[in-house]
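Just so it is clear, none of the values below were taken in a lab; they were calculated from the coordinates. Model, not experiment: these values are computed from the prediction. Neighbour counts run over all protein chains shown; Cβ positions are idealised from the backbone, glycine included.
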Ligand code: SF4
């Protein structure tokens, strides 16, 4: 019987030739990632000591301080300091601090490998699916079990196939693709399931764009979002120095999907998720004209080099509206540097943007640009829940970097296609 | 196996109560006690005031969507919530709740329960008795090993007893 990509990866990790949706299996973990906010300091450090256990394989553990960097309060600083010291105590060499949101760093450092199983203490660990890597978010207590045993129990998920064929129009980005998909699936439409993204529109996307798709799979409730690894992935990994990995697995032609949705990419127009749900999706046109107080370009969803380049193209030789501040947080130190070298940061700053550190910060409302009550923000991030970016009385609209840039320019929600 | 019955009043919520409503990120620097003092604040500012120990949250679809933060179920547990009944849960929340020892039950009868109803949930059979309305509903019964885990106070307590028997690493029936 044919298997999907997700089923094949899980089968391999359990040492079996075949698994079926619904089965509960114990799988071997290839990489375990912890961040600062939900990592060692939440029970893990204490309990590891109390149980007097060591880590199954420190070389497979990655720890990234990103949420509380640069720290805004003494408490945040102490959490980062604690995390850093803990990695030293346990000889974890893969510790990264202040160089960007964890999912981007995992990719840049070559930890998202095709056919592998990656678990992380962050719900957007599904981002790794862009590399044909089964990445999924788990809680801290569960991570403790993984650290000790190197294994995790999983229920083999069913797969939903999302097929985008054709070419996206100018000014339409991966963010629009995923918002449209989530709007149709609903915020729980893929709960306990895997989303596999297929079709020529997906295959022609660069890695930066693919990661935006898989990043938001969890916003439909999915366990992970997967894209078959191909030449684009191979070239990216080669550049990270990780050229050696197994031949990528692929879904069989007769694999069974629990649902299939087909889209024509050329028909898609810019999309926007309105408060306070990610599946409250409309076309940008429907809400254009709403005034803004902040525009945010950043995060593991929408702060990559391609995102910044698209925004810079729109903002070149123009100025951000006086009523709207534009904050830019490149998604990694590496992206920051490349954007500086290519003049993108200069262009954005000249247009009036404030360039921030590569950090989670405002994306989850803990520092570097939180919003006040009554304020409205347009953001290239992935969640617009009540209170997510600051005050409970603020509104967050989620859109593509192109829409964020065009909106910052006008000081109100605006369709980017007129600036292409 | 000994009985595992949870009793309390129903406190009702709607669909899609996400982790930012249960426990927003800005409280995550605080102690569990302080986090618990703000439980459910995003959905109901008076929740903690209303709550009596053992009360049962009864919600609609997709409870606990969003972040993988364990502080969401932890906030509920430390505030004194006895269990959560919902149409269904978001995946990570469901695992986290079990792992930290907060009983969670999926039941399509959630909408039949009114605010303040006295409830009794039998975790072993999945029967929910509504004492106020004199009716009974079914929830998905929890598998026995999950109940053991919850009773042990969560995954840590469970692992501990496992290690005591020195079986965990080789055991295939862990879950
Ligand atoms: S950038 Fe936002 S979504 Fe990404 S890991 Fe950080 S807080 Fe989470």
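From A:25, A:42, A:61, which residue is over 17 Å from the mean Cα position of the chain (by Cα), closer than 25 Å to residue B:24 by Cβ and touching a residue at least 40 places away in the same chain (Cβ under 8 Å)? A:42 is the lone residue from the list that is over 17 Å from the mean Cα position of the chain (by Cα), closer than 25 Å to residue B:24 by Cβ and touching a residue at least 40 places away in the same chain (Cβ under 8 Å). Only residues that are closer than 17 Å to residue A:208 by Cβ, within 13 Å of the ligand (Cβ to nearest atom) and part of a helix (DSSP H, G or I) were counted across region A:324-362, and they come to 1. Within 14 Å of chain B (Cβ to nearest Cβ), within 15 Å of the ligand (Cβ to nearest atom), outside any strand (DSSP E or B) and crowded, with 23+ Cβ neighbours inside 10 Å: is that true of residue A:127 in this structure? For residue A:127, the condition - within 14 Å of chain B (Cβ to nearest Cβ), within 15 Å of the ligand (Cβ to nearest atom), outside any strand (DSSP E or B) and crowded, with 23+ Cβ neighbours inside 10 Å - is met.
Confirm whether residue B:28 is within 9 Å of chain A (Cβ to nearest Cβ) and either buried (at least 19 other Cβ atoms within 10 Å of the Cβ) or out of contact with any helix residue (DSSP H, G or I) (no Cβ under 8 Å at 6 or more places or on another chain) (or both). Yes, satisfied.
Within the bounds of region A:205-212, is there any residue that is over 16 Å from the mean Cα position of the chain (by Cα), touching a residue at least 24 places away in the same chain (Cβ under 8 Å) and away from the ligand (no atom under 16 Å from the Cβ)? Before you say what the answer is, go through the steps one by one.
Applying the first criterion (over 16 Å from the mean Cα position of the chain (by Cα)) to region A:205-212 yields none.
No: region A:205-212 contains no residue that is over 16 Å from the mean Cα position of the chain (by Cα), touching a residue at least 24 places away in the same chain (Cβ under 8 Å) and away from the ligand (no atom under 16 Å from the Cβ).
Against the test of being surrounded by fewer than 20 Cβ atoms within 10 Å (Cβ to Cβ) and either in contact (Cβ under 8 Å) with a residue 24 or more places away in the chain or in a helix (DSSP H, G or I) (or both), the options A:388, A:383, A:392, A:417 yield a single qualifying residue, A:417.
Collect the residues in region A:370-379 that are over 19 Å from residue A:412 (Cβ atoms) and within 16 Å of the ligand (Cβ to nearest atom), keeping them in residue-number order. Once the filter is applied, which keeps residues that are over 19 Å from residue A:412 (Cβ atoms) and within 16 Å of the ligand (Cβ to nearest atom), region A:370-379 yields only A:370.
Among the residues of region A:52-99, those identified as touching a helix residue (DSSP H, G or I) at 6+ places or on another chain (Cβ under 7 Å), assigned to a loop (DSSP other than H, G, I, E, B), within 16 Å of the ligand (Cβ to nearest atom) and away from chain B (no Cβ under 12 Å) are A:66, A:69, A:99.
Got a sec? Which of B:92, B:57, B:98, B:74 is on the phi < 0 side of the Ramachandran plot and away from every other protein chain (no Cβ under 14 Å)?
Details: B:92 fails: away from every other protein chain (no Cβ under 14 Å); B:98 fails: away from every other protein chain (no Cβ under 14 Å); B:74 fails: away from every other protein chain (no Cβ under 14 Å).
Among B:92, B:57, B:98, B:74, only B:57 is on the phi < 0 side of the Ramachandran plot and away from every other protein chain (no Cβ under 14 Å).
Among the listed residues A:265, A:321, A:243, A:311, identify the single one that is more than 16 Å from the ligand (Cβ to nearest atom) and without any contact (Cβ under 8 Å) to a residue 60 or more places away in the chain.
Working: A:265 fails: without any contact (Cβ under 8 Å) to a residue 60 or more places away in the chain; A:321 fails: without any contact (Cβ under 8 Å) to a residue 60 or more places away in the chain; A:311 fails: without any contact (Cβ under 8 Å) to a residue 60 or more places away in the chain.
The match here is A:243.
Take the conditions touching a strand residue (DSSP E or B) at 6+ places or on another chain (Cβ under 9 Å) and either without any contact (Cβ under 8 Å) to a residue 60 or more places away in the chain or outside any helix (DSSP H, G or I) (or both) and apply them to residue B:42. Does it pass? No; evaluated as a whole, the condition is false for this residue.
Of all residues in region B:9-25, those being in a strand (DSSP E or B) and either at positive phi or touching a helix residue (DSSP H, G or I) at 6+ places or on another chain (Cβ under 7 Å) (or both) number 1.
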